[in-house]
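Okay, so here's the structure we're looking at.
The values are calculated or read from the model by the stated rules, or taken from the named source; none is laboratory data. As the structure is a prediction and not an experimental result, all values here were calculated from the model. Quick reminder, even Gly has a Cβ in these numbers, built from the backbone with ideal geometry, and neighbours come from all protein chains shown.
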Amino acid sequence: MTDTTSGRTPIIAANWKMNHDHFVAIQFTQKLSYLLDKKDTDGVEVVLCPPFTDLRSVQTTIDSDRIPVSLGAQHCHFEEQGAFTGEISPAMLAKLTVKYVIVGHSERREIFGETNEMVNAKLKAIWKFNMTPILCVGETLEERESGETDAKVQAQIAAGFDGVAKEQIARTVVAYEPIWAIGTGRNATPEDAEATIGVVRDAIASVAGAEVSEQVRIQYGGSVKPGNIAALMERPGIDGALVGGASLDPDDFARIIRYRS
Ligand code: 13P
């Protein structure tokens, strides 16, 4: 089942950031599976993005218990292999049957200095190994208050998708995450989130055409909780959520996935 208005299948992803060791990750995944009915994941794609050290454990738990969730990673390098101490290559993630890779999260951009050029190189590398990037874009509070939101996300989209094939752009997931809403408990209103997502969709259309842009699933991220997910998902322009804090608790995350009930 897809969203009848947009034709795009909703996608709810958990970004655990640097939380949960692999023991906790296994318990979490099993508990989530027990909390969800088949109808909860029918027509909603669910993705878990744990830290690197948990990937193998979560992968084997998902496979052995046939849990209807996909595996995602939070980051990778753009090279396939080499002298990059501490980094993980897209080839390594693909071997673990990772399906999604978050790229350009604001924490990677702001804390670890990832540039638009690096994000673009990673996006291409992720596609090279047939995984799907979740490309994050979003503005700071300062940028928002000085009216630079649209220009910021437009530049991030143009640079992120530079030189990427249209059929890959169509299948890439984009997450609009206003930085001032991340981990602050202050989410964008559904109307504001949908408005900027519209700007993001238009920016994708400028790069790849309207037909491609209409296929791209665009999530909202930033203080998504069980109490605000339904109102966000009611907006036809919002195709899902990238959830941080509230995805750490299996009960809360299950409630977010069950936003329709
Ligand atoms: P919070 O849901 O904790 O605000 O985090 C959002 C986020 O950064 C997801 O990638």
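What to note about this one:
- Exactly one residue out of 163, 104, 138, 185 is of a type in the set (Gly, Ala, Ser), out of contact with any strand residue (DSSP E or B) (no Cβ under 9 Å at 6 or more places or on another chain), touching a residue at least 24 places away in the same chain (Cβ under 8 Å) and within 16 Å of the ligand (Cβ to nearest atom): that is 185.
- Extreme residue, farthest from the ligand (Cβ to nearest atom), among residues of the stretch 168-182 that are assigned to a helix (DSSP H, G or I) and among the hydrophobic types (A, V, I, L, M, F, W, C): 170
- The residues of the stretch 188-205 that are in contact with a helix residue (DSSP H, G or I) (Cβ under 8 Å, 6 or more places away or on another chain) and either within 16 Å of the ligand (Cβ to nearest atom) or under 13 Å from residue 156 (Cβ atoms) (or both), listed by number, are 188, 190, 193, 196, 199, 200, 203, 204.
- Selection status of residue 9, loosely packed, with under 14 Cβ neighbours inside 10 Å, away from the ligand (no atom under 16 Å from the Cβ) and not in a helix (DSSP H, G or I): no
- Residues located in the stretch 217-261, provided they are of a type in the set (Ser, Thr, Tyr), under 29 Å from residue 168 (Cα atoms) and either more than 12 Å from the ligand (Cβ to nearest atom) or part of a loop (DSSP other than H, G, I, E, B) (or both): 223, 259
- Out of 153, 119, sole residue that is in a helix (DSSP H, G or I), under 28 Å from residue 87 (Cα atoms) and within 15 Å of the ligand (Cβ to nearest atom): 119
- Condition met for residue 132 (surrounded by fewer than 19 Cβ atoms within 10 Å (Cβ to Cβ) and at pLDDT 95 or above): no
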